[in-house]
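Chemist: Before we start, here is the structure in question, set down as structure tokens.
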Amino acid sequence: MKFTVATLIFAILAHASPRDEIPSCAVPCIDTVVTEQTSCVTDDFNCICASQAAVAKAGRRCVMDKCGLKTAMNEVLPVVNKICHEHGF
């Protein structure tokens, strides 16, 4: 059986976590809010996205402080919205 580049790419993508898409500056903020404001674990995006409005409201200031307004609006928010959309929210 020949191992191809396509197989390698598929394997990498299959194991990629949605968390990996979130800019690293925002991850500690999101983790803290999820832990403190929800009953979700930090990698359960079905649970997190069900509480997306509360998580966003509670984490907004931290994300803007850690990432800056431009990154928060142009990178963090679109990625989080995309992840939640992919999880049916």
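Chemist: What full-extension length gain, to one decimal in nm, is calculated for residue 52 and residue 87 as 0.36 nm per residue of separation minus the Cα-Cα distance?
Modeler: 11.4 nm
Chemist: Oh, and also: Quick one: compute the contact order of segment 19-86, relative version, from alpha carbon pairs under 8 angstrom and 6+ residues apart, as a percent.
Modeler: 39 percent
None of the figures in this text is laboratory data; all of them are computed from the coordinates on show. No experiment lies behind these values; they were computed from the predicted model shown.
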